[in-house]
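Worksheet for the structure shown next.
The values are calculated or read from the model by the stated rules, or taken from the named source; none is laboratory data. Just so it is clear, the model here is predicted, and its values are computed rather than measured. All Cβ positions, glycine included, derive from the backbone under ideal geometry; neighbour counts span all protein chains shown. Just the protein is used for accessible areas: all its heavy atoms, side chains included, with ligands, DNA and RNA removed. Shrake-Rupley method; radii C 1.70, N 1.55, O 1.52, S 1.80 Å.
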Amino acid sequence: MRPVKKLLFSLVFLLCLAAPALADKASDLDLIRRYFPQAVASVTPDGLVLSDGARLVYDDGRAKDAEAALDDTDIEDMLAQPYPLERVTAEPAPGFHPGRRRVVALFKAAYGYDAAEVKANLVPVSFLGKTVLFNQRNGAAQSLEAVGRDLAAVLAAHPEYKAHVQPLSGTFAWRPIAGTERLSMHSFGAAIDLNAKKNGYWRWYTGNNPLKLRTDFPAEVAEVFERHGFIWGGKWAEFDIMHFEYRPELIAKAQGR
Ligand SMILES: [Zn+2]
């Protein structure tokens, strides 16, 4: 091959390699803009500008292992692991936990910067005969209310599921995730725990069959939440069977929207 032709050939090859990454970046940034409309002011070539003026870079260029990606998350990390809409049939690979990587600055801009501000954004939501507090911003409270309506129908048809769901174990609590300094989605009033006594959490679990915990939990209940933009902690390697959090961007990405 002649040198010029060879050079052109290599250039085209490199562009082909880079194109999917560029497409991911553009569609990921657009996804965040669409699902955090109040928090995002604009999309830039390399990231986002938040409504508070802060800039978020899409890819900080740092190499991270699964643990570091939890503490030092950029937008690319947050969306890198696809949330599975399928039912759980096998243990997830270690470090597979779509949704546990969160860009905290984005959630603060979306839901409130501190406990007082989040509290001011909480509204009562009627949920399975109880009233719970949930964040009214970003469509979170409205989506939880829709979950409650659909879930009531599922529980009426399957009373045996009730023990996995009730009593409810809480929504808003400004607190870090156990064993970490990271704020949990409960801090933003955008997560709900179902019956904590019945369900399992990886840190306190002493059994040897976590897959059974995951498959014992009624898949139809998880699917109701997913339909309305919530992800289930039962699909994480570090499982949190009682936990559902409002992450419409991950559900939309999983659905190819
Ligand atoms: Zn929780």
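A few notes on this one:
- Of all residues in the stretch 29-44, one or more are surrounded by fewer than 20 Cβ atoms within 10 Å (Cβ to Cβ) and part of a loop (DSSP other than H, G, I, E, B).
- Tabulated pairs, the stretch 97-110, first at positive phi, second of a type in the set (Phe, Trp, Tyr) and surrounded by fewer than 22 Cβ atoms within 10 Å (Cβ to Cβ), C-beta under 7 angstrom, 6+ apart or interchain: GLY99/TYR83
- Scanning the stretch 235-257 for residues that are within 11 Å of the ligand (Cβ to nearest atom) and either assigned to a helix (DSSP H, G or I) or not hydrophobic (A, V, I, L, M, F, W, C) (or both) yields a total of 3.
- Among the candidates PRO218, PRO210, PRO176, PRO167, residue that is touching a residue at least 12 places away in the same chain (Cβ under 8 Å) and either open to solvent by 50 Å² or more (accessible area, probe 1.4 Å) or within 13 Å of the ligand (Cβ to nearest atom) (or both): PRO167
- The one condition in (1) surrounded by fewer than 18 Cβ atoms within 10 Å (Cβ to Cβ); (2) touching a residue at least 12 places away in the same chain (Cβ under 8 Å) that ALA157 fails to fulfil: (2)
- Restricting attention to the stretch 148-207, the residues that are in contact with a strand residue (DSSP E or B) (Cβ under 7 Å, 6 or more places away or on another chain) and at positive phi total 2.
- If the condition is being in contact with an Asp or Glu (Cβ under 7 Å, 6 or more places away or on another chain) and within 15 Å of the ligand (Cβ to nearest atom), then the stretch 221-231 contributes PHE230, ILE231.
- Scanning the stretch 179-195 for residues that are buried (at least 17 other Cβ atoms within 10 Å of the Cβ) and free of Cβ contacts under 8 Å to residues at least 60 places away in the same chain yields SER184, HIS186, ALA191, ASP193, LEU194.
- From ALA63, ALA90, residue being surrounded by fewer than 12 Cβ atoms within 10 Å (Cβ to Cβ), in contact (Cβ under 8 Å) with a residue 24 or more places away in the chain, more than 25 Å from ALA178 (Cβ to Cβ) and hydrophobic (A, V, I, L, M, F, W, C): ALA90
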